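Worksheet: the structure to be examined is printed underneath.
Every number here is computed from the coordinates shown, using simple stated rules; none is lab data. What you see is a predicted model; the values in this text were computed from it and never measured. Using ideal geometry, Cβ is built from the backbone for each residue, glycine included, and neighbour counts are taken over all protein chains shown.
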Amino acid sequence: MREMSVPIEYETRKIQLPRTMSTNAARQLLTDHAEYGSWELARLRRYPDGTKDVWLRRKIIRARRPYGWAPPTAAD
């Protein structure tokens with residue numbers, strides 16, 4: 001039997017980094033999000049004024065019901 005392929009869903013988060021934040025502080029912030037929150041870098045945008053927008057994403061994992069599973073019925 002062949003399993004259906006389900007498209008991967010992602011949760012996203014946008015973080016705005018001010019121009020006053022050092023490179024090391026930004027790196028540490030993004031590393032913490034990656035290690036402890038399972039986030040990965042999706043996009044980074046740098047603006048001429050020095051600010052940065054960072055988009056992070058992580059997979060949404062949904063539990064699948066086993067084949068042939070039926071919800072329990074109420075006992076009378």
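The table below lists the values:
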quantity	calculated
Inter-site label distance for Arg13 and Leu44 at 7 Å from Cα along Cβ, in nm	1.7 nm
Environment charge of Pro71, counting only residues whose C-beta is closer than 15 Å and scoring Lys/Arg +1, Asp/Glu -1	+2
Cβ-placed point charges (K, R +1; D, E -1), dipole of the stretch 10-59 about Cα centre in debye, nearest 20	180 debye
Restricting the stretch 1-49 to trypsin sites (Lys or Arg not before Pro) in coil, as DSSP defines it, with at most 11 other Cβ within 10 Å	Arg2, Arg19
The stretch 10-59 pair-distance distribution - Cα-Cα, 10 Å bins, rounded %	26, 56, 17, 0
Structure-based [θ]222 nm, the chain - -39500 (n - 2.57) summed over DSSP H runs of at least 4, per residue, nearest 500	-6500 deg cm²/dmol
Nearest 10 degrees, 0 to 90: helix 23-37 Cα axis against the chain principal axis	10 degrees
Residue-wise HN-Hα coupling along the stretch 50-67, computed from phi with Karplus coefficients 6.51, -1.76, 1.60 (Hz; x: Gly, Pro)	x, 6, 9, 10, 10, 10, 10, 9, 8, 5, 9, 9, 10, 6, 9, 6, x, 5
